[in-house]
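The values are calculated or read from the model by the stated rules, or taken from the named source; none is laboratory data. Fair warning: this is a prediction, and the values are worked out from it, not measured in the lab. Note that each Cβ is placed from the backbone with ideal geometry, even for glycine, and that neighbours are counted across all protein chains shown. All accessible areas refer to the heavy atoms of the entire protein, side chains included, with ligands and DNA or RNA removed. Shrake-Rupley method; radii C 1.70, N 1.55, O 1.52, S 1.80 Å.
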Amino acid sequence: MHKLEKFESLTDEKQNAILNGAMTCFAVNGYKKASASDIAGAAGISKAMVFHYFGTKKALYLYLLQFCCQLMVGEIEEKADPTITDFFDRIKQATDIKLSVLGKHPAMLTFLESTFFEADEEVKSDVQAYYARDEWEEFRSRLTLEGLDVSKFKDTVDPALVLKMLVRYAYGYLNMTEGKLDLDIDSLMKEFEDCLKMLKLNLYKPEYL
């Protein structure tokens, strides 16, 4: 049996405990300083079991990255309502789905933030290559722009450019919150929703406000 199959044969509760513990450990310590012993302690398993399930620390780290991204995308794909044609309603819907995922994996947000700034050469190129995949840009565009009612925007507004601006906003947010574990999600969401309202007021035609 492949090592990952051994891990994935565990109960969901046990898997989540290990994943959340490992995510927290990497987020707090960074890749280089996160030892197998630290990961084992945070995950509630022995050091030997870390290697038994994943083989190497690098394999675990990259598994976590893939798990987080694919889980987010999968949940959005499954739960997003394609009949919603309003740009800002779609953004809000995707955000709400992401928050529901974070409720099950509270360490996920901080871990993903840390991966954007991970500088260790052992994983840096792998992380950058993973985030640079065309599929992520295609997913964002399809989710947000496909079937969109663009008539609500003022004639001078390019919805695709608005989406890119919001993505840049997200990256800027990640830079500001790097390494912080005690994020006030409710406060951040209130700020984000206020930004969406401001954009809507300025980018939509008056009859759609």
Given N residues in the chain, what is Rg(Cα) / (2.2 N^0.38 Å)? 1.14
Given a Förster radius of 22 Å and the C-beta distance between residue 6 and residue 35 as r, what FRET efficiency does 1/(1 + (r/R0)^6) yield to the nearest 0.05? 0.55
Nearest 10 degrees, 0 to 90: helix 57-79 Cα axis against the chain principal axis: 30 degrees
Return the carbon/sulfur percentage of the accessible area of segment 66-209, one whole number, probe 1.4 Å, all protein chains in place. 54 percent
Among the aspartates and glutamates, select those whose C-alpha is under 15 Å from the C-alpha of residue 47, and discard any that sit fewer than 8 residues away in the same chain. 38
Counted charge near residue 209, where neighbours are those whose Cβ lies closer than 13 Å (Asp, Glu -1; Lys, Arg +1): +3
For residue 204, the residues 5 or more places away or on another chain with a placed amide H closer than 5 Å to its own amide H are 154
Need one value: the accessible area of residue 51 in square angstrom, 1.4 angstrom probe, rounded to the nearest 10. 80 Å²
Averaged per residue, what accessible surface does the chain expose to a 1.4 Å probe, in Å²? 56 Å²
Which sequence of 60, 10 reflects their accessible areas, 1.4 Å probe, from the largest down? 10, 60
Rg to Rh ratio, segment 96-141, alpha-carbon atoms and Kirkwood radius? 1.04
Ellipsoid equivalent to segment 57-180 - semi-axes via the Cα gyration tensor, in Å: 28, 16, 13
Excluding residues on the same chain fewer than 8 positions from residue 190, give the aspartates and glutamates whose Cα lies under 13 Å from its Cα. 96
So if the hydrodynamic radius of segment 1-95 is defined as the Kirkwood radius over C-alpha pairs, what does Stokes-Einstein give as its diffusion coefficient at 20 °C and 1.002 mPa s, in µm² per second? 145 µm²/s
If R0 = 30 Å, then residue 89 and residue 58, at their Cβ-Cβ distance, give a FRET efficiency to the nearest 0.05 of 0.15
